[in-house]
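> Please find one structure pasted underneath; my questions will follow.
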Amino acid sequence: MTMNNGVTAGDLLRASTLDAADARILLAHALGWPRTELMTRAHEALPPAQVNVFRHLEQRRYHGEPIAYLVGKREFFGLDFEITPDVLIPRPETELLVECALNAIVSIEAPRVLDLGTGSGAIAIAIAHQRPEASIIATDDSRRALALAALNAQRLLSSRRCGGALRFIAGDWYQALTGLDMQFDAIVSNPPYLAVDDPHLRTGDLRFEPRRALTDGAHGLTALKTVMAGACKYLKKGGALWLEHGYDQANAVRAKLAAHGFTQVRSMRDLAWIERVSGGVAMRFEKAPNF
């Protein structure tokens, strides 16, 4: 549909049926303007092509598509990540996982960190940005996700960081490390933890996100158990494992961590006061070769 040249940013925002914040984000993206210019240039007539781009995005958002996929970006831990439908959209509650990992390595010089199921690379890159001397490996079974993560690392991290470039390896959980002799000071993961019949999978943004990254196709604990079971082989003595999990899974995760010989097992609450992240310290473990 072609719009006349008299349409302004103010006209589009007033007429939009979207949430006001969503409409502003999409209009700024369609126009290529900083959001502040939506106010300072509110009465400026817009080219029909840009109006049509906004209308198209507006309709896609109206039908539920996530803002992050529409604009191709999402802020996480102060960094602006490129996002595609090949990966989960980074969420504020996952920043707690990054904080736990950073606390676990705070006193370790040049720590070594493993991020399992990295997706967009948000967790690994956030840690690398905060700890430039850290050596970090990130894995995923999706090569498209790894390509995006590598692009985000190239964009967001210095090519001269003293910990070197992040290593992105394709593979299913620890299978990605097959043939590599490695031990880490910390392992982090945000694995798929929704049960296959979880009603949240049919609502909101989750409807559009990659199903394999959301659910294990069963009860939601399969991937969590896999990560916990293999962690001690790859952790140094005293190394930490931290996992994001579902709102009702903290007890099960703590019990399994203890069963695998982790000590100082505990859960951390997110801003909604939900036990969102659990972890522990490896003390009894199968010895693995040096990094």
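The values are calculated or read from the model by the stated rules, or taken from the named source; none is laboratory data. Keep in mind that what you see is a predicted model, and the values were worked out from it rather than measured. Methodologically, a virtual Cβ is constructed for each residue, glycine included, from the backbone with ideal geometry; neighbour enumeration extends over all protein chains shown.
> Regarding G179, is this residue farther than 26 Å from A229 by Cα and over 14 Å from the mean Cα position of the chain (by Cα)?
no
> On the basis of being in contact with an Asp or Glu (Cβ under 9 Å, 6 or more places away or on another chain), crowded, with 24+ Cβ neighbours inside 10 Å and either more than 25 Å from R24 (Cα to Cα) or not assigned by TED's automatic domain parsing to the domain that holds D181 (or both), does A128 make the cut?
Considered against the rule, which asks whether it is in contact with an Asp or Glu (Cβ under 9 Å, 6 or more places away or on another chain), crowded, with 24+ Cβ neighbours inside 10 Å and either more than 25 Å from R24 (Cα to Cα) or not assigned by TED's automatic domain parsing to the domain that holds D181 (or both), A128 comes out as no.
> What are the residues in region 44-84 that are of a type in the set (F, W, Y) and loosely packed, with under 15 Cβ neighbours inside 10 Å, if any? Before the answer, list the steps.
Going residue by residue through region 44-84, those that are of a type in the set (F, W, Y) are 54, 62, 69, 76-77, 81.
Within region 44-84, Y62 is the sole residue that qualifies.
> Out of all the residues in region 197-211, is one or more in the same structural domain as D141 (by TED's automatic domain parsing) and part of a strand (DSSP E or B)?
no
To keep it simple, each residue is scored yes or no on (1) in a strand (DSSP E or B); (2) touching a Ser or Thr at 6+ places or on another chain (Cβ under 6 Å); (3) modelled with pLDDT of 95 or more.
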site: Q154; (1), (2), (3): no, no, yes
site: G179; (1), (2), (3): no, no, no
site: P192; (1), (2), (3): no, yes, yes
site: A223; (1), (2), (3): no, no, yes
site: K237; (1), (2), (3): yes, no, no
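> If you don't mind, there's one more thing I want to ask. Against the condition surrounded by fewer than 20 Cβ atoms within 10 Å (Cβ to Cβ), touching a residue at least 40 places away in the same chain (Cβ under 8 Å) and either among the acidic types (D, E) or touching an Asp or Glu at 6+ places or on another chain (Cβ under 6 Å) (or both), how does D181 come out, does it pass?
yes
> Out of region 237-268, which residues are within 16 Å of N103 (Cα to Cα), under 20 Å from the mean Cα position of the chain (by Cα) and touching a residue at least 40 places away in the same chain (Cβ under 8 Å)?
A240, L241, W242, L243, E244, M268
> Going by what's in this entry, would G217 be described as small (G, A, S), part of a strand (DSSP E or B) and either assigned by TED's automatic domain parsing to the domain that holds I89 or out of contact with any Gly (no Cβ under 6 Å at 6 or more places or on another chain) (or both)? Full working, then the answer.
On the way: small (G, A, S): yes; part of a strand (DSSP E or B): no; either assigned by TED's automatic domain parsing to the domain that holds I89 or out of contact with any Gly (no Cβ under 6 Å at 6 or more places or on another chain) (or both): yes.
No: the conditions fail for G217.
> Report, by residue number, each residue of region 201-211 that is without any contact (Cβ under 8 Å) to a residue 60 or more places away in the chain and surrounded by 15 or more Cβ atoms within 10 Å (Cβ to Cβ). If you could, list the steps in order and put the result at the bottom.
In the first step, residues of region 201-211 are kept if they are without any contact (Cβ under 8 Å) to a residue 60 or more places away in the chain; the result is 201-203, 206, 211.
Of everything in region 201-211, those that are without any contact (Cβ under 8 Å) to a residue 60 or more places away in the chain and surrounded by 15 or more Cβ atoms within 10 Å (Cβ to Cβ) turn out to be L201, L206.
> Scan G220, G246, G230, G204 and give me the residue that is of a type outside the set (A, V, I, L, M) and in contact with a strand residue (DSSP E or B) (Cβ under 6 Å, 6 or more places away or on another chain).
Among G220, G246, G230, G204, only G220 is of a type outside the set (A, V, I, L, M) and in contact with a strand residue (DSSP E or B) (Cβ under 6 Å, 6 or more places away or on another chain).
> Against the definition (in contact (Cβ under 8 Å) with a residue 24 or more places away in the chain, under 20 Å from K236 (Cβ atoms) and buried (at least 17 other Cβ atoms within 10 Å of the Cβ)), how does D115 come out, yes or no? Before you say what the answer is, go through the steps one by one.
Working: in contact (Cβ under 8 Å) with a residue 24 or more places away in the chain: yes; under 20 Å from K236 (Cβ atoms): yes; buried (at least 17 other Cβ atoms within 10 Å of the Cβ): yes.
Answer is yes for this residue.
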